[in-house]
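Working notes, structure below.
The values are calculated or read from the model by the stated rules, or taken from the named source; none is laboratory data. Just so you know, these numbers come straight off a predicted model, no measurement behind them. Note that we place each Cβ from the backbone using ideal geometry, even for glycine, and neighbour counts take in every protein chain shown. Heavy atoms of the whole protein, side chains included, go into the accessibility calculation; ligands, DNA and RNA do not. Shrake-Rupley method; radii C 1.70, N 1.55, O 1.52, S 1.80 Å.
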Amino acid sequence: MSGSYDESAGADDTMDSFWEVGNYKRAVKRFDDGHRLCNDLMGCLQERAKIEKAYGDQLTTWSKRWRQLIEKGPQYGSVERAWLAVMTEAEKVSELHQDVKNNLLNEDVEKVKNWQKEAYHKQMIGGFKEAKEAEEGFKKAQKPWAKKLKEMEAAKKTYHMACKEERLAAAREANGKTEASVTPDQQKKLHEKVDKCKQDVQKAKEKYEKSLDELNKCTPQYMESMEQVFDLCQQHEIKRLTFLKEALLDIKRHLNLTENQSYATIYRELERMILGSNTQEDLKWFSNNHGPGMHMNWPAFEEYNPDQAAAPPKKKKPDGAPPTPSTDHVAPPGDRSSVSSYDKNQTYSAEWSDDDQPAGYSGNENGGNGNSFEDDSSAGKGVRVRALYDYDGQEQDELSFKAGDELTKTEDEDEQGWCRGRLDSGQEGLYPANYVEPI
């Protein structure tokens, strides 16, 4: 029976009383139920642990996927870092849910299993020792009273049968007086039968009353003995209920992440990162790297220099390799710490206009549900090239490769001799155009 209950329900006359013969079995069955409920609780916790693990795994997968999309996407600066902090939050919360799973399985389930083993002792012939001892105790306490009850029930039955016979005899005598065919001798016999039945009724009644009196005298001792055995059952149940309450409090403590200091710290850190985003700094960074603040080698008159191709390189290069181009594509040193992956992976076109924007960033594309991070129209395009020399990238936005490595050129050579390409690992960046050849 689940839900709320009435403590006075034991007084319900419609229920079979505990005091009736054999009705102690419900108290005995409670041992079997207690053992089964331990199994149920362990099964419940194991299912919850699976849910915690699945949720943690989903958070990790989600965080990893979106971290890559954000790092390759167009967001930049402190807002990018704040957005990435949401991914960090997911990773840390995932770890906490994995801890919840571990606590449920390694602490709570094990605790219930160990208590169950100590509280219930299985027998070779089946059942539990505690249940058998309780049943034997109840049988022993009930046996004398049950015997007296059986004698009383037999005496009651005899008395009721005698009463029935007396009524039948009295009815025959009354009918005989009204019927002319009944002789005086027959009427006399009918009268004698009635007298005999009355005597039998009186004897049966006295025996019935005596047996009932003996049963009533036996009842107090019967009740005392039954209550003693029942109290032993209650003591075992007190231990079970007390343990269950403590176990549920431990479970609650493991499930309630709001009481975990690490959980609160995660969101304080996330809030700090979000509030730390600086709009003006981000705008300044964009202007310096992709706007009017960028360095520009303005055209100037240059005399012809026949030795220009053999000018000393500005970067260290391997023996036999051609000179590397100018590094003017690199942002000023003061801005490198805030460089987003945006300028490493995003393709720009000076010919874009308000009416000619990349399809990947259209809010109306696919009903407004397009993902600008995943719809990169240039992701699958390019020309395959092979490295002629080893090259170690000198800046964060440059690729490194060995002679013989193959990669994909995604943008043609610029005026300074640099190409943009993508390694097979997915990394994108710049490399010297004269270090590769088409395949």
Being surrounded by fewer than 17 Cβ atoms within 10 Å (Cβ to Cβ), modelled with pLDDT of 95 or more and out of contact with any Cys (no Cβ under 8 Å at 6 or more places or on another chain) is true for just one of 43, 10, 34. Which residue is that? 43
Are any residues in region 217-230 more than 21 Å from residue 37 (Cα to Cα) and open to solvent by 60 Å² or more (accessible area, probe 1.4 Å), and if so, which ones? 217, 220, 221, 223, 224, 227, 228
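Quick one: in region 255-278, of everything that is among the polar types (S, T, N, Q) and out of contact with any Gly (no Cβ under 9 Å at 6 or more places or on another chain), which residue is nearest to residue 52 (Cα to Cα)? Steps first, answer last, please.
Pass one, region 255-278, residues among the polar types (S, T, N, Q): 256, 258, 260-262, 265, 277-278.
Among the residues that remain, those that are also out of contact with any Gly (no Cβ under 9 Å at 6 or more places or on another chain) are: 256, 258, 260-262, 265.
Values: 256: 12, 258: 16, 260: 16, 261: 19, 262: 17, 265: 20 Å.
Among those residues, the one meeting the criterion is 256.
Across region 67-85, which residue is farthest from residue 277 (Cα to Cα) among those that are among the polar types (S, T, N, Q) and not in a loop (DSSP other than H, G, I, E, B)?
The first filter runs over region 67-85 and keeps only residues among the polar types (S, T, N, Q), leaving 68, 75, 78.
Still in the running and not in a loop (DSSP other than H, G, I, E, B): 68, 78.
Values: 68: 20, 78: 5 Å.
Only one residue tops the list, namely 68.
Listed residues 186, 116; which is touching a residue at least 40 places away in the same chain (Cβ under 8 Å), part of a helix (DSSP H, G or I) and of a type in the set (S, T, N, Q)? First the steps, then the outcome.
Values: 186 fails: touching a residue at least 40 places away in the same chain (Cβ under 8 Å).
Of the residues listed, the single one that is touching a residue at least 40 places away in the same chain (Cβ under 8 Å), part of a helix (DSSP H, G or I) and of a type in the set (S, T, N, Q) is 116.
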Which residue pairs have Cβ atoms closer than 6 Å, lie 6 or more positions apart in sequence or on different chains, and pair a first residue in region 199-211 that is charged (D, E, K, R) with a second residue that is surrounded by 14 or more Cβ atoms within 10 Å (Cβ to Cβ) and assigned to a helix (DSSP H, G or I)? 200/162; 205/159; 207/155
Restricted to region 391-439, and to residues that are in a loop (DSSP other than H, G, I, E, B), over 30 Å from residue 298 (Cα atoms) and open to solvent by 70 Å² or more (accessible area, probe 1.4 Å), which residue is modelled with the highest pLDDT? 402
Take residue 211 and decide whether it is under 18 Å from residue 156 (Cβ atoms), part of a helix (DSSP H, G or I) and open to solvent by less than 100 Å² (accessible area, probe 1.4 Å). yes
Filter region 241-277 down to residues that are within 23 Å of residue 106 (Cβ to Cβ) and of a type in the set (Phe, Trp, Tyr), then give me how many there are. 2
Tell me whether region 153-164 contains one or more residues that are surrounded by 13 or more Cβ atoms within 10 Å (Cβ to Cβ) and under 20 Å from residue 24 (Cα atoms). no
Pair list, Cβ under 6 Å, 6 or more apart: region 59-75 residue farther than 17 Å from residue 428 by Cα, other residue among the acidic types (Asp, Glu): 63/91
Only residues in region 94-112 that are of a type in the set (Ser, Thr, Tyr) count as the first member; pair them with residues that are open to solvent by 10 Å² or more (accessible area, probe 1.4 Å), Cβ under 7 angstrom, at least 6 apart or cross-chain, and list the lot. 94/59; 94/60
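Please indicate, with yes or no, whether at least one residue in region 233-255 is over 30 Å from residue 39 (Cβ atoms) and among the aliphatic types (A, V, I, L, M). Before you say what the answer is, go through the steps one by one.
If we filter region 233-255 for residues that are over 30 Å from residue 39 (Cβ atoms), which is where we start, we get none.
No: zero hits.
Going by the structure shown, is residue 155 farther than 30 Å from residue 32 by Cα, at pLDDT below 95 and in a helix (DSSP H, G or I)?
On the way: farther than 30 Å from residue 32 by Cα: yes; at pLDDT below 95: no; in a helix (DSSP H, G or I): yes.
Against the criterion (farther than 30 Å from residue 32 by Cα, at pLDDT below 95 and in a helix (DSSP H, G or I)), residue 155 does not qualify.
Residues to consider are 170, 134; find the one that is in contact (Cβ under 8 Å) with a residue 40 or more places away in the chain, farther than 23 Å from residue 45 by Cβ and in a helix (DSSP H, G or I).
On the way: 170 fails: in contact (Cβ under 8 Å) with a residue 40 or more places away in the chain.
Selected residue: 134, the only one of 170, 134 that is in contact (Cβ under 8 Å) with a residue 40 or more places away in the chain, farther than 23 Å from residue 45 by Cβ and in a helix (DSSP H, G or I).
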Filter region 408-419 for residues that are out of contact with any Gly (no Cβ under 7 Å at 6 or more places or on another chain) and over 19 Å from residue 390 (Cβ atoms) and give the result. 411, 412, 413, 414, 415, 416
